[in-house]
Amino acid sequence: MSAPAILARGLTRRFGTFTAVDALDITVASGTIHAFLGANGSGKSTTIRMLIGLLRPTAGSIVVDGIDVIRHPRRVRDRIGYMGQRVSLYQGLTLRENVEFYAGLYGIAGDELAHRWGALRERFDLGEAEAERPEDLSGGIRQRAGLALATLHRPRLLFLDEPTAGVDLHSRALFWELIQEEAAAGVTVFVTTHFLEEADYCDWVSFIDNGRLIADAPPEELRRRFSPGYRIELALPPSARAAARAALGGAERAVAETADGVCVVSPRLDGALLAAVARLAAAEPGARVRVEQPAMPEIFRRVLAEARA
Amino acid sequence: MSWRRLRTLVVREMRATLRDPFTLTILIAVPLVALLAFGFVLSTEVKGLRLVVLDGSETPASRRLLADLAAHGTFVPRRVATRAALERALVDGTASAGLVIPADFARTLARPEDPRPQVQLLYDGAEAVLAGNAEVYLQALVEASGATLVRGGPPASAGVRVMPRALFNPRLDGKPFMVAGTFGFVLSFLTILITAVSIVNERLAGTFEQLQVTPATSVEILLGKLLPLGAMFTLDVVLMMLTAGIVLGVWPRGSALLLVAVSAYYVSISLAAGLLISGTSATANEAVQKTVLVSIPLVQLSGFIFPVRSMPAAVQWATTLFPATHYIALARGIYLRAEGVATLWPELAALLAFGVVLIGFALRAMGRRP
Amino acid sequence: MSRFWRNVLAVGYREARVMLHDQAFLIALLVQPAIMLGLYGGVISTQPANVPWGIVDRSQTALSRRLVEDVQASGYFLRPRRVAGYSEAHALLRRGTLLAVLVIPGDFRRAAERGRPRVQLLLDGSDPLAAARVGSYVAQVAANVDVRRELRASRPPRPPARAGAIDARQRFWFNPTLRDRDFFLATIAGMLLTNISLSLTGASLVGEREMGTYEFLLSLPTSALEIVLGKLLPAVAVAYVLLLAALLGSGLCYGFWPAGSWLALFVVTLPFMLASLSVGVLVSTFARTSAQAIFLSTFFILPSFVLSGVGLPYQLMPHGVRELGGLFPLRWYQIASRRIIERGAGGAEVVVPTLMLVLFFAAMLVVVRWRMKPRLG
């Protein structure tokens, strides 16, 4: 098992008497997408800034890609890409000139730059935006450009701080496609967001509230622990309902009658249940099936409720 | 430090600045406005001062005196009828000086034993600076007039006549003095102000943070901002020199190159000061307040307009600690007296010493992490 | 109370609270008057003092020594330095070591006996104000030396008799010792108010726009005029606080109290403050960021200070420049405040400056209204 890409222990940051981040332990495996969720003001940005060496922690240790970030913050810079809350494209420069600027800082120029940027331009669909200035571009394009810039120097880790804030739904989905492509190529991605449903795109979720970690697990496990589970609704004529209830009932499942038919709530979507539902649906002509996945916001609401209790 | 990275940063800053018409206008126009404003303002020549006259005598002799006073254009006499009118004119400031000629003026002049009539000169002391200048002129003109009024040769007793000769500036023109001083003002106040505000703004906009995640060091990042600013201000020095020459007719008597070199060094001192101020300011407004609080007294005490010699001894000593004082002395030496390194080395040394200290502080502040 | 004034007061109240939370501003409010009082009341002066001078005395007679003593007695000069000749004098003047060198010719006494005593005064012209003052003082002192009596008597009587055909008695009204101090102290309030007025409105209005509260303000059912006036209210209050501080400071620290009507002073401060603030509002309509507002303000503040006559008398400025200075509110305010504070004037004497300030404010309102129109639709 390879060493984790990010390892933070007891990470704490105080501003005067206010504790923004309180003894966090974060472990991020290489090549995974790690979501760092929390409400505004919960300490997300502070944490990410400490992880990349922009802010010095009051206590704790941070090792990124094998480098002690607190002692040698500058050494990680070549290996990480960062996209801050304010996408830092310089106004007054075209996108292309911004690319040349950042490339210059990483030592990429000439043919290599042309090659890399050409590829990124294709992949992120920024061809038309290249000659434009940031102030003339839409939010979605600016975010994509920001991500492209962050990956220009082929970093092994990506730190994205609320990359989809203020972006429309369609662009957000596109964005996550790109992130998942990066992870598939072996890049470790650490993402903060306050869109709770985006957790489903990730391999691991940490949930922070008032500076403390209140959940730290893969999304499915959180689902399992904190939600009633998946909800399947079967629209059936009254005559078939009793039989359906009997067929669908079982351990860990709750079955009930609804106005239209039957609904069953189960923590898992296992094969047996799905098969039973399929049989019932096939048997009754005009039967309709609807499967509802527990929504992340609801799950987190429960996580929060439990933590604060 | 990587020169390649620094060059990348500087190129970006220059590109952005050159494309920002507003900033360019400010950087160029404000120093020139300051130059023109200050350049015209200092005059040692008194002209057209309003003088109210109460002529109690109304004789050819008194009228002759008035004619002499009006002759050079130094004073614009206006007759009043009563003492009250004269006093009122002084109170509401419509006249800067008053002359009261007694009724027995002509008779006293004609007296053989002691032909010295008394006249009263009243000055609006509320305008002290003006009165100080007017006093001498009025006195001198009255004396000169008196010498011609007495019949029968030179007066009973005469004083010593002084032939003044002003070196480097025979007509005592105020312009070169002010032009050289304005360099000091612009490079002290405006440079610090613009630097401090620009850096605070960048910090607030978050663009510094993005750079801090790249391999660029804090020193490179800040130098990338300061070097273009420094270049612009040095260019301003050249522009001011040309403007002073073309519009005001004031060219440096000494080496223009030396002035530009010294000015470039002084600019770097001011950039350091601006950086230090920006480091302690959370908002642009705060940076402005601090700059104003620090710069303005410094400039006032640096000998820019007000003579350092006339200040209390402790303050005089303190002014030797201000880089601005030495820079203005250097600028004046080069502009007015064609001095060179040979005679200016004490000021140069002082400027060098203070500059090194301040720039040292700034470099240390640059390298610090939050 | 009408709707209009209620809205104005509401905006004003909010402004005041924001202001009171701005620590840097409050500190500046305290420190600036203190600095100005110290600078202008105690430190700065245009009167010559500690003037280093030298003498080339080729005559070495009682008369020449008399002349030197009389010059020295004025108190403006340091002890004179003995200079050998012209070349040394030039070198010392060029270096700035000496400001003036008095050259007394070898035949001075003989020339005096013939009735034509002359001396030469070499001056460092690079500081023309100082040179002019020093030159004129020396000339005056020299002119008053009663040469005949000096030549006759072996021991000259004290005090020395005055020479000249006309005896001109001089008096300085309102400032008998002709101290610069009163000249400057009288205008401290004007300088403080000019400084503060721009940072109050220019930066604050633009700051609002940056933060986005400006649009919110506009969406409220208040008119532009109500907003502007509401923002001006607390600023005017601050102005009066500063004015009081300046007056009390001058009085308590230096014993310099206004000679004229306090009421007139307070009355004329209102249009001046409104005029200065309205310039700040105008700047804010041009500036997109608070940094820009600050830089634009310097275009106004700089000429205000330089051309208005607070430092150097405007009467001495060349004609076009003098009139140009009249466009700035500070010129009229300093005229009014000098009249009141130094010369003891009352309301009647400051009607003209007050009117000019009101006119300026009205003109500014028109321009501001015109600028703000497209934004409000």
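Taken along the Cα-to-beta-carbon direction at a fixed 7 Å, the label points for A:Glu257 and B:Arg111 span 13.8 nm. In a reduced charge model with +1 at each Lys and Arg Cβ and -1 at each Asp and Glu Cβ, the protein assembly as shown shows a dipole moment near 3720 debye about its Cα centre. Taking B:Gly132, B:Gly48, B:Gly159 as the candidate residues, the one with maximal mean-square fluctuation in a Gaussian network model of chain B, Cα springs under 10 Å, is B:Gly159.
Taking amide H as placed 1.01 Å from N in the peptide plane, A:Ile108 has no amide H partner under 5 Å among residues 5 or more places away or on another chain. For the range B:188-195, 3J(HN,Hα) computed residue by residue from phi via the Karplus equation (6.51, -1.76, 1.60; θ = phi - 60°) reads 8, 7, 5, 4, 4, 4, 5, 4 Hz, glycine and proline entered as x. Rounded to the nearest whole Hz, the Karplus-based 3J(HN,Hα) values (6.51 cos²θ - 1.76 cosθ + 1.60, θ = phi - 60°) of the range B:301-316 follow the sequence 8, 7, x, 4, 10, 8, x, 5, 4, 7, 8, x, 4, 4, 5, 4, with x at glycine and proline. When only alpha carbons are used to place a centre, the range B:170-234 and the range B:1-80 end up 25 Å from one another. What net charge do the residues around A:Glu292 carry, taking every other residue with its C-beta under 11 Å from that of A:Glu292, with Lys and Arg at +1 and Asp and Glu at -1? That works out to 0. Residues B:Lys175, B:Lys47, B:Lys225, arranged from fewest to most other Cβ atoms within 10 angstrom of their Cβ, appear as B:Lys47, B:Lys175, B:Lys225. When the charge dipole of the range C:53-152 is built from unit charges on Cβ atoms (+1 for Lys and Arg, -1 for Asp and Glu) and taken about the Cα centre, the candidate among C:Val103, C:Tyr137, C:Leu122 whose Cα reaches farthest toward its positive end is C:Val103. Once Rh is set to the Kirkwood radius over Cα pairs, what Stokes-Einstein translational diffusion coefficient, in µm²/s, holds for the range C:53-152 at a temperature of 10 °C and a viscosity of 1.306 mPa s? Answer, rounded: 116 µm²/s. Computed over the protein assembly as shown, the convex hull of the alpha-carbon atoms projects to a mean area of 55.4 nm². If the chain linking A:Phe18 and A:Ala282 were pulled fully straight, counting 0.36 nm for each residue of separation and taking away their Cα-Cα distance, it would gain 89.0 nm.
Using Cα atoms only, what is the angle between the long axis of helix A:110-124 and the major principal axis of chain A, expressed in degrees (0 to 90) to the nearest 10? Tilt relative to chain A: about 20 degrees.
Think of the protein assembly as shown as a dipole: +1 on every Lys or Arg Cβ, -1 on every Asp or Glu Cβ, centred on the Cα centre; then among C:Phe328, C:Val83, A:Leu37, C:Val83 lies furthest on the positive end.
What does the charge count around C:Leu355 come to, taking other residues whose C-beta lies under 15 Å from its C-beta (Lys +1, Arg +1, Asp -1, Glu -1)? Residues near C:Leu355 contribute 0 overall. I'd like the orientation of helix C:86-95 relative to chain C: the angle between its Cα long axis and the longest Cα principal axis, in ° from 0 to 90, rounded to 10. Approximately 20 degrees, to the nearest ten. Cross-link partners of B:Lys175 among lysines, defined as those whose alpha carbon lies under 29 angstrom from its own and excluding same-chain residues fewer than eight positions apart: B:Lys47. Between A:Thr32 and A:Val189, the built amide H atoms are under 5 Å apart, and every one of these is 5 or more places off in sequence or on another chain. About the centre of its Cα atoms, chain C shows a dipole size close to 1120 debye [charges on the beta carbon of Lys, Arg (+1) and Asp, Glu (-1) only; nearest 20 debye]. The alpha carbons of the range A:38-192 occupy a box of 46, 36, 33 Å along the principal axes, longest dimension given first.
Between C:Leu233 and B:Ala365, the C-beta separation translates, for a Förster distance of 45 Å, into a calculated FRET efficiency of about 0.65. The distance between label points at A:Arg231 and A:Ile70 comes to 4.6 nm (points 7 Å beyond Cα on the Cα→Cβ vector).
Evaluated with a Cβ-only charge set (Lys, Arg +1; Asp, Glu -1), the range B:168-228 carries a dipole of roughly 280 debye about its Cα centre, given to the nearest 20.
For A:Ile208, the residues whose amide H sits under 5 Å from its own are A:Leu37, A:Gly38, A:Ile214, ignoring neighbours fewer than 5 places away on the same chain, with H placed 1.01 Å from N.
Across the range A:277-282, coupling constants 3J(HN,Hα) worked out from phi with the 6.51/-1.76/1.60 Karplus curve, θ = phi - 60°, read 4, 4, 4, 4, 5, 5 Hz, and Gly and Pro carry x. Once the Cβ-Cβ distance of C:Phe4 and C:Arg369 is raised to the sixth power relative to R0 = 22 Å, the FRET efficiency obtained is 0.90.
Ordering B:Trp345, C:Trp262 from the fewest to the most neighbouring beta carbons within 10 Å gives B:Trp345, C:Trp262. Ranked for footprinting exposure by Cβ neighbours inside 10 Å, fewest first, C:Asp182, A:Asp168 give A:Asp168, C:Asp182.
Result for chain C in a Gaussian network model with C-alpha springs under 10 Å: among C:Glu226, C:Glu113, C:Glu342, the largest mean-square fluctuation is at C:Glu113. Using the Cβ-Cβ distance between C:Ser223 and B:Ala349 with R0 set to 60 Å, the FRET efficiency from 1/(1 + (r/R0)^6) comes to roughly 0.45. Rg/Rh, computed from the Cα trace of the range B:49-149 with Rh as the Kirkwood radius, has the value 0.96.
Applying 0.36 nm per residue to the separation of A:Thr27 and A:Arg79 and subtracting their alpha-carbon distance, the gain on full extension is 16.9 nm. To the nearest ten degrees, helix B:3-18 and the longest principal axis of the Cα atoms of chain B are 50 degrees apart. When peptides C:289-298, C:55-64 are sorted by average Cβ neighbour count within 10 Å, with the highest value leading, the order is C:289-298, C:55-64. Note on chain A: Cα Rg divided by 2.2 N^0.38 Å, N the number of residues, gives 1.20.
Bear in mind these aren't lab numbers, they're just calculated from the coordinates by the rules spelled out. What you are looking at is a predicted structure, and each value in this text was computed from that prediction instead of being measured. We place every Cβ from the backbone using ideal geometry, glycine too, and count neighbours over all the protein chains shown.
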